[in-house]
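The values are calculated or read from the model by the stated rules, or taken from the named source; none is laboratory data. Owing to the predicted nature of the structure, the values given are computational and were not obtained by experimental measurement. Note that each Cβ is placed from the backbone with ideal geometry, even for glycine, and that neighbours are counted across all protein chains shown.
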Amino acid sequence: MIQSYKRKFKTEENYDTIVIGSGIGGLTTAAFLSKEGQKVLVLERHYTAGGFTHVFKRKGYEWDVGIHYIGEVQRPNSAIRRIFDYITDGKLQWADMGRVYDRIIIGEKEYELVKGIENFKEQLAQYFPEEEKAIDEYVDLVFAVVKSMGSFFSAKALPPFLSRLLGGKMRKKYLEYAGKTTDEVLRSITQNETLIKVLTGQYGDYGLPPKQSSFAMHATVVRHYFNGGSFPVGGSSEIVNTIDPLIERTSGTILINAEVDKILIQKNKAIGVEMADGRKFYAKYVVSSTGIFNTYEKLIPKAIAEKHGLKKQLQKINPSVAHACLYIGLKESPEALQLPKNNLWIYPEKGDHDSIVANYLKDPKAPFPVVYISFPAAKDPSWSERYPNRSTIDIITLLPFDLVKKWQDTQWMKRGKDYEQLKAEISDRLLEVLFKQMPHLRGKIDHSELSTPLTTQNFVNYKKGEIYGIDHTPERFKQKFLKPRTPIKNFYLTGQDIVSAGVGGAMFSGVVTASAMQGKNLVKKVFRNKN
């Protein structure tokens, strides 16, 4: 049972490992170490566990804040499904979203992304018959990237000596793809602007338009969904609910309302943490899953950070994109409202993704560069049992942190009239995008509320409200310091910053970190596991 730090609970002063942050990277690390017999303490500053996998409830509704769909989990032998089964003892169930998982809408035209690699290619070839060769080449390139990915990320878990000996060779192939932008690679196989715009229509899943993003990051996301999308049965809170018992089994605990003030370091060795109220917990190992900026700027004592040049490392990377999300509640069932399971990605008709983003950053009143609409109530087969005659919709767009920066020192829910006015304007604009696609929903909204980058900053503790940790540019993948081991003995990193964006990337980081800590390839255990 997940416990609150503010209440009386049974904890111990000493643990095998302390994990700071209960996002999927931290939870995966904790679960793997628990399976190795360790007693793990997970500390979460928020009032609910799960990071971007948590849910919140209001006015008789429930919304998932970060999980909108997951790929590959419908294939029992896929790596991601095997890992989920391993860290939940097979308890987490998945619902398939159906034939179409994403619908790309550009102006008045729609393009369906359908599950199954051959189906995907055939559907695109129907839209772009003259580009069949380019589509085949594109899919081959996506698979080539994914094939080279395993050794690249395995290299991150190597001890320093082996990393110097083998790391260069293990990283080389992946870096050939990671070092190029998505736009560069796509323009080498096609000049069709609309096809490029459609193929990059999921860029919101990693936060950077084609001329800025690494092709390796793009390819990873695209491949992830080739076999369709799925949603956790019971909502995304089932992820932490099914991992928690496994951590408890070896006397570990997940604590909420538990804010860490700093990591305790003696003679360049992590020995525990000090909480915001001064209480101390000790452990042989400490793992931070709170993002590299948070970790090096807030949790490591300044003198130690300077000694190891940790702040200089941060100058080589940038926080990822920030976003706004409009959470909507409606008083009818998903069936009655004809809500689809597939997601909508909506783009302006004119211009490429990069120029549209640039225009928007110059003028926030310009058309939204991307609007993503998800229908979680329609995706979860258990929804109507839990919330009869209710439905939810999430609408997401990019929102620069600078637009809300002046309110960052104000309190959540008490930021003032001007802030509320800005939120109302953005909400109205997003609703109009929804109503254009689904006019029958006009007048049916029962409740809506908008989160901004300040909401993300407040709850997830990312400094600029970023959604994907750090930017996934070509430069980012060249940084060798983005790995589990740090210059501080027994102190490790996990989370999407050390692998790649999203739930899948963050989860794999947990495996990489636990493997580095244990000095063995734990993926082998996953594939031997029979639950």
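Residue count for the stretch 39-66 satisfying the condition of being surrounded by 24 or more Cβ atoms within 10 Å (Cβ to Cβ) and over 20 Å from ASN257 (Cβ atoms): 1.
Only one of the numbered conditions (1) farther than 18 Å from TYR462 by Cα; (2) in contact with a helix residue (DSSP H, G or I) (Cβ under 9 Å, 6 or more places away or on another chain); (3) buried (at least 18 other Cβ atoms within 10 Å of the Cβ) is violated by TYR327, and that is (2). Every residue in the stretch 213-237 that is surrounded by fewer than 22 Cβ atoms within 10 Å (Cβ to Cβ) and at pLDDT below 95, please. Within the stretch 213-237, SER237 is the sole residue that qualifies.
Would you mind finding the one in ALA336, ALA366, ALA377 that is surrounded by 16 or more Cβ atoms within 10 Å (Cβ to Cβ) and either β-branched (Val, Ile, Thr) or at negative phi (or both)?
ALA377
In a residue-by-residue description of the stretch 405-427, the property of being touching a Pro at 6+ places or on another chain (Cβ under 7 Å) and either touching a residue at least 12 places away in the same chain (Cβ under 8 Å) or under 29 Å from TYR101 (Cβ atoms) (or both) applies to no position. Taking LEU124 as meeting all but one of (1) closer than 28 Å to ASP446 by Cα; (2) surrounded by 21 or more Cβ atoms within 10 Å (Cβ to Cβ); (3) touching a helix residue (DSSP H, G or I) at 6+ places or on another chain (Cβ under 9 Å), write down the number of the exception. Condition (1) is where LEU124 drops out. Each residue in the stretch 160-182 was checked for being of a type in the set (Phe, Trp, Tyr) and in contact (Cβ under 8 Å) with a residue 60 or more places away in the chain, and 1 pass.
Summed over the stretch 51-98, the residues that are within 20 Å of GLY469 (Cα to Cα), of a type in the set (A, V, I, L, M) and assigned to a strand (DSSP E or B) give a count of 2. Restricting attention to the stretch 172-201, the residues being among the small types (Gly, Ala, Ser) and buried (at least 21 other Cβ atoms within 10 Å of the Cβ) number 2. In the stretch 301-357, which residues are under 20 Å from the mean Cα position of the chain (by Cα), within 30 Å of SER382 (Cα to Cα) and polar (S, T, N, Q)? Of everything in the stretch 301-357, those that are under 20 Å from the mean Cα position of the chain (by Cα), within 30 Å of SER382 (Cα to Cα) and polar (S, T, N, Q) turn out to be ASN342, ASN343. Give me a count of the residues in the stretch 118-166 that are in a helix (DSSP H, G or I), of a type in the set (Lys, Arg) and either touching a Phe, Trp or Tyr at 6+ places or on another chain (Cβ under 6 Å) or over 25 Å from ILE104 (Cα atoms) (or both). Within the stretch 118-166, residues that are in a helix (DSSP H, G or I), of a type in the set (Lys, Arg) and either touching a Phe, Trp or Tyr at 6+ places or on another chain (Cβ under 6 Å) or over 25 Å from ILE104 (Cα atoms) (or both) number 2. Filtering LYS311, LYS341, LYS298, LYS262 for residues that are surrounded by fewer than 21 Cβ atoms within 10 Å (Cβ to Cβ) and either assigned by TED's automatic domain parsing to the domain that holds GLU432 or assigned to a strand (DSSP E or B) (or both) leaves a single hit, LYS262. For the criterion of being surrounded by fewer than 20 Cβ atoms within 10 Å (Cβ to Cβ) and of a type in the set (Phe, Trp, Tyr), TYR282 passes. Within the stretch 462-485, the only residue that satisfies the criterion of being among the polar types (S, T, N, Q) and either assigned to a helix (DSSP H, G or I) or surrounded by 17 or more Cβ atoms within 10 Å (Cβ to Cβ) (or both) is THR473.
Within the stretch 493-511, is there a residue that is in a loop (DSSP other than H, G, I, E, B), under 21 Å from VAL287 (Cα atoms), in the same structural domain as THR29 (by TED's automatic domain parsing) and free of Cβ contacts under 8 Å to residues at least 24 places away in the same chain?
no
In the stretch 134-159, the residues that are over 16 Å from VAL523 (Cα atoms) reach residues that are among the polar types (S, T, N, Q) and in a helix (DSSP H, G or I) with C-beta atoms within less than 9 angstrom, at least six apart or across chains, in these pairs: VAL142/THR220; VAL145/THR220; VAL146/THR220.
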